[in-house]
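Written below as structure tokens is the structure these notes are about.
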Amino acid sequence: MRKLFGTDGVRGTANTYPMTAEMALRIGAAVGRYFRRDGSGVHRVVIGKDTRLSGYMLENALTAGLTSTGMNVLLLGPVPTPAVGLMTRSMRADLGVMISASHNPAEDNGIKFFGPDGFKLSDQAELEIEQLIEAGVKPAQAQNIGRARRVDDARFRYGERVKSSLPRELRLDGLKVVIDCANGAAHRTAPEVLWELGAEVIPVGTAPNGKNINLGCGSTQPRVAAEAVVAHGADVGICLDGDADRVVIVDETGQVADGDQLMALLATAWATSERLKGGALVATVMSNLGLERFLGARGLRLERTAVGDRYVVERMRDGGFNLGGEQSGHIVMSDYATTGDGLMAGLHFLAEMVNSGRKASDLAQQFETVPQLLKNVRYGEGQAPLEAETVKAAIADAEARLNGQGRLLIRKSGTEPLIRVMAECEDDTLLAQVVDGIVAEVEAAARQ
């Protein structure tokens with residue numbers, strides 16, 4: 001079992017274990033040794049980050065650890081997470097590193113890794129790196145220490161790649177677009193790309209100061225963007241998160257559509273144009289039951305995975321599928337990218353608007369969602385509330401009551417000390433009863 005790595009890399013509060021400079025140094029040395037196991041040749045790593053204040057500290061510490069093992073480091077500066085996957089491949093690097101806590105608040109940070117193919121590391125690779133961190137690694141000899149330098153055009157390279165996912169003749173002339181960058185990694189790239197494609201751009205969340213990433217803006221808090229769409233009479237709003245690998249869409253009325261609705265639109269559009277490989281969409285266990293029913297009615301399948309976009313990508317690669325994602329807004333289009341790309345997904349929504357001539361509100365609500373209720377219960381260090389017999393009994397009772405009427409999902413968060421209790425059921429009263437019953441037992445177990 002991995003202890004340090006969670007659903008998406010290593011994450012925590014900055015300057016608190018494991019997000020300390022000392023730990024980042026050790027992680028850098030361990031991952032550098034892991035990717036230089038043969039000890040020969042020239043090895044390089046690319047490092048990107050979002051706009052968090054702690055990114056400077058962690059970037060320097062990781063660079064020190066990596067160069068101490070002989071890795072040459074290429075510093076990309078603030079770029080979206082998908083840009084790191086792209087640059088790892090295009091620069092023939094052995095490793096890509098993104099310093100970001102994604103949609104989390106500014107005081108958090110994280111470190112996630114990409115292999116030489118541009119895809120996130122497997123659980124097994126992360127486990128082996130953890131073992132190296134624990135054991136410690138021998139540094140390179142003095143003459144073999146690595147170098148570090150900055151790459152100034154990373155965001156431009158990424159922007160061109162994103163645009164190239166659209167047909168060359170497609171333009172966004174006449175579209176007024178609100179783009180909310182969450183004061184994060186895409187605060188310059190996203191408005192530039194939209195403007196270059198011909199859209200009239202209304203930027204939101206494009207003034208990062210190191211402490212305001214995801215603060216009252218972005219994909220998890222789209223209210224400001226929705227208000228801007230209505231106030232400016234915009235055609236659509238695109239809301240990214242701090243590292244721009246997530247997106248939610250705001251239609252012209254200010255209504256918000258999540259990743260499930262966007263995936264439903266893209267899956268049917270791609271199936272119609274015979275671009276959807278395998279006749280299936282890959283999504284996690286969190287995606288709404290309504291999405292599964294919507295696809296089934298159109299002869300398409302929903303392949304479910306564990307929570308985490310890297311598990312979606314693993315299933316896509318194993319099954320030969322090219323479209324997947326998460327309800328939270330990670331949309332993976334493997335014909336063009338190796339991980340979730342919020343800006344790219346947003347552009348493909350705009351392309352559907354242009355091609356169909358329809359309003360965002362006509363496209364953003366593809367299916368009626370089955371009522372879904374999710375509640376989180378925080379627990380303390382060393383606690384295991386899901387092991388309590390009272391909790392197990394409550395879960396068994398809820399499953400029996402939902403049998404044939406809905407579904408239940410109980411899981412530990414991979415990024416925070418939370419138990420997530422989620423259920424879906426068309427009977428709102430039953431839905432609330434089963435979720436609240438389990439939450440009460442989990443809270444009681446967490447107090448013991």
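The values are calculated or read from the model by the stated rules, or taken from the named source; none is laboratory data. It should be emphasised that the depicted structure is a prediction, and the values quoted were computed from it without experimental measurement. Heads up, the Cβs are rebuilt from the backbone with ideal geometry, glycines too, and the neighbour counts pull from every protein chain shown. In case anyone asks, the SASA skips ligands and DNA or RNA and just uses the protein heavy atoms, side chains included. Shrake-Rupley method; radii C 1.70, N 1.55, O 1.52, S 1.80 Å.
Only one of these conditions is not met by residue 146: (1) in contact with a Gly (Cβ under 6 Å, 6 or more places away or on another chain); (2) under 25 Å from residue 418 (Cβ atoms). Which number is it?
So the condition that residue 146 fails would be (2).
So which residues in region 145-160 are in a loop (DSSP other than H, G, I, E, B), in contact with a helix residue (DSSP H, G or I) (Cβ under 6 Å, 6 or more places away or on another chain) and surrounded by 17 or more Cβ atoms within 10 Å (Cβ to Cβ), if there are any at all?
Restricting attention to region 145-160, the residues satisfying the condition of being in a loop (DSSP other than H, G, I, E, B) are 145-147, 151-153.
Filter once more, keeping what is in contact with a helix residue (DSSP H, G or I) (Cβ under 6 Å, 6 or more places away or on another chain): 145-146.
The answer is 146, and nothing else.
Could you tell me which numbered condition residue 364 fails, if it satisfies all but one of (1) small (Gly, Ala, Ser); (2) open to solvent by 70 Å² or more (accessible area, probe 1.4 Å); (3) touching a helix residue (DSSP H, G or I) at 6+ places or on another chain (Cβ under 6 Å)?
Failing condition for residue 364: (2).
State whether one or more residues within region 314-327 are of a type in the set (A, V, I, L, M) and within 25 Å of residue 221 (Cα to Cα).
No: zero hits.
Being modelled with pLDDT of 95 or more, touching a strand residue (DSSP E or B) at 6+ places or on another chain (Cβ under 6 Å) and open to solvent by less than 60 Å² (accessible area, probe 1.4 Å), is that true of even one residue in region 121-144?
Looking for residues that are modelled with pLDDT of 95 or more, touching a strand residue (DSSP E or B) at 6+ places or on another chain (Cβ under 6 Å) and open to solvent by less than 60 Å² (accessible area, probe 1.4 Å), one finds none in region 121-144, hence no.
Give the residue that is nearest to residue 292 (Cα to Cα), with candidates limited to residues of region 367-384 that are open to solvent by less than 70 Å² (accessible area, probe 1.4 Å) and not in a loop (DSSP other than H, G, I, E, B). Outline the logic, then answer.
Our first condition is that a residue be open to solvent by less than 70 Å² (accessible area, probe 1.4 Å); within region 367-384, this holds for 367, 370-373, 377, 379-380, 383-384.
Filter once more, so that each one left must be not in a loop (DSSP other than H, G, I, E, B): 372-373, 377.
Working: 372: 14, 373: 17, 377: 27 Å.
Once the filter is applied, the top-ranked residue is 372.
The rows are residues; the columns are (1) open to solvent by 20 Å² or more (accessible area, probe 1.4 Å); (2) of a type in the set (D, E, K, R); (3) in contact with a strand residue (DSSP E or B) (Cβ under 8 Å, 6 or more places away or on another chain).
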{"residue": "61", "(1), (2), (3)": "no, no, no"}
{"residue": "74", "(1), (2), (3)": "no, no, yes"}
{"residue": "93", "(1), (2), (3)": "no, no, yes"}
{"residue": "97", "(1), (2), (3)": "no, no, yes"}
{"residue": "107", "(1), (2), (3)": "yes, yes, yes"}
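Quick check on my filter: what residues within region 268-304 are in a strand (DSSP E or B), farther than 27 Å from residue 375 by Cα and of a type in the set (D, E, K, R)?
Going through region 268-304, the residues in a strand (DSSP E or B) turn out to be 280-284, 301-304.
Now narrow it down to the ones that are farther than 27 Å from residue 375 by Cα: 280, 301.
301, the sole residue that qualifies.
Condition test on residue 79, is it touching a residue at least 40 places away in the same chain (Cβ under 8 Å), within 22 Å of residue 212 (Cβ to Cβ) and not small (Gly, Ala, Ser)? If you could, list the steps in order and put the result at the bottom.
Values: touching a residue at least 40 places away in the same chain (Cβ under 8 Å): yes; within 22 Å of residue 212 (Cβ to Cβ): yes; not small (Gly, Ala, Ser): yes.
Yes.
Determine if region 251-262 includes at least one residue that is crowded, with 24+ Cβ neighbours inside 10 Å and within 25 Å of residue 156 (Cβ to Cβ).
No: region 251-262 contains no residue that is crowded, with 24+ Cβ neighbours inside 10 Å and within 25 Å of residue 156 (Cβ to Cβ).
Would you be able to tell me the number of residues in region 45-58 that are surrounded by fewer than 20 Cβ atoms within 10 Å (Cβ to Cβ) and not in a loop (DSSP other than H, G, I, E, B)? Can you show your working first?
First, pick out the residues of region 45-58 that are surrounded by fewer than 20 Cβ atoms within 10 Å (Cβ to Cβ): 53, 56-57.
Then keep just the ones that are not in a loop (DSSP other than H, G, I, E, B); that gives 56-57.
So the answer is 2.
Evaluate region 188-208: report whether one residue or more is without any contact (Cβ under 8 Å) to a residue 24 or more places away in the chain and over 24 Å from residue 102 (Cα atoms).
Checking region 188-208: at least one residue is without any contact (Cβ under 8 Å) to a residue 24 or more places away in the chain and over 24 Å from residue 102 (Cα atoms).
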